[in-house]
1. Could you please tell me which pairs satisfy a Cβ distance under 7 Å, a separation of 6+ or placement on different chains, a first residue in the stretch 127-151 that is within 15 Å of GLN117 (Cβ to Cβ), and a second residue that is modelled with pLDDT under 95 and among the charged types (D, E, K, R)?
2. Filter the stretch 37-54 for residues that are of a type outside the set (A, V, I, L, M) and within 12 Å of the chain's Cα centre (by Cα); which is nearest to VAL140 (Cα to Cα)?
3. Quick test for you: out of LEU74, LEU110, LEU98, pick the one residue that is more than 17 Å from ASP55 (Cβ to Cβ) and in contact (Cβ under 8 Å) with a residue 12 or more places away in the chain.
4. Hey, can you tell me all the residues within the stretch 1-31 that are surrounded by fewer than 19 Cβ atoms within 10 Å (Cβ to Cβ) and either farther than 26 Å from ALA131 by Cβ or not aliphatic (A, V, I, L, M) (or both)?
5. In the stretch 32-46, what residues are farther than 18 Å from THR118 by Cβ, crowded, with 18+ Cβ neighbours inside 10 Å and among the hydrophobic types (A, V, I, L, M, F, W, C)?
6. When you look at SER11, is it among the hydroxyl-bearing types (Ser, Thr, Tyr) and assigned to a loop (DSSP other than H, G, I, E, B), yes or no?
7. Of everything in the stretch 94-139, what is closer than 17 Å to ALA19 by Cβ and surrounded by fewer than 16 Cβ atoms within 10 Å (Cβ to Cβ)? Give them in sequence order.
8. Pick out the one residue from GLY82, GLY76 that is in contact with a Lys or Arg (Cβ under 8 Å, 6 or more places away or on another chain) and either among the aromatic types (Phe, Trp, Tyr) or over 17 Å from ALA103 (Cα atoms) (or both).
Amino acid sequence: MTTMSGTVHASAVLVGARAVLIRGPAASGKSRLALDLIEAGRCGIVRFARLVGDDRVHLAAANGRLLVRPAAALAGLIEVRGLGIVRCPHEPCAVVGLAIDLAAADAQRLPQPQARQTELAGIFIPRLAVASNAAALPMVLALLRSDGIAASAHDDVSPFGA
């Protein structure tokens, strides 16, 4: 059974076996974090990282998982500040394993457990709220490496392979 959730203003990067969905207001650093994660994959900081979509992505719930796809018109494109829009290898679809909210008003130094998840299209996803002007990449990498992101009931391996 598939239930569409629609198009959202976000970027997504497949990191290992699961996608990181990056949300936030305009100019909050969504494309920058996506590029940083892709570079972490190139450098071996994470096993694998590839763009799914930048700026606009489609979300859909399917069989208890949240799927993300690039918006057709933007597939394979990412904004690089100072360079403009550039082509980038991309994945056509991925399962979301983590949501990052940049410039989050509810970001806390020691978040409560309920703040560490979000519901999207009826699917609960682990969430990291990042305050404005905070360096997101170190927090995201620490979370991906921690036991804080456990494999879903459908998986036998770590969702990120990191």
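1. ARG127/ARG116; ALA129/ASP106
2. Across the stretch 37-54, the extreme among qualifying residues is ARG50.
3. Details: LEU74 fails: more than 17 Å from ASP55 (Cβ to Cβ); LEU110 fails: in contact (Cβ under 8 Å) with a residue 12 or more places away in the chain.
The match here is LEU98.
4. Listed by number, the residues that qualify are MET1, THR2, THR3, MET4, SER5, GLY6, THR7, HIS9, ALA17, PRO25.
5. ALA34, LEU35, LEU37, ILE38, ALA40, VAL46, listed by residue number.
6. No.
7. The answer is GLN117, GLU119, PHE124.
8. GLY76
The values are calculated or read from the model by the stated rules, or taken from the named source; none is laboratory data. Keep in mind that what you see is a predicted model, and the values were worked out from it rather than measured. Neighbour counts are summed over all protein chains in view; Cβ atoms, including those assigned to glycine, are modelled from backbone coordinates with ideal geometry.
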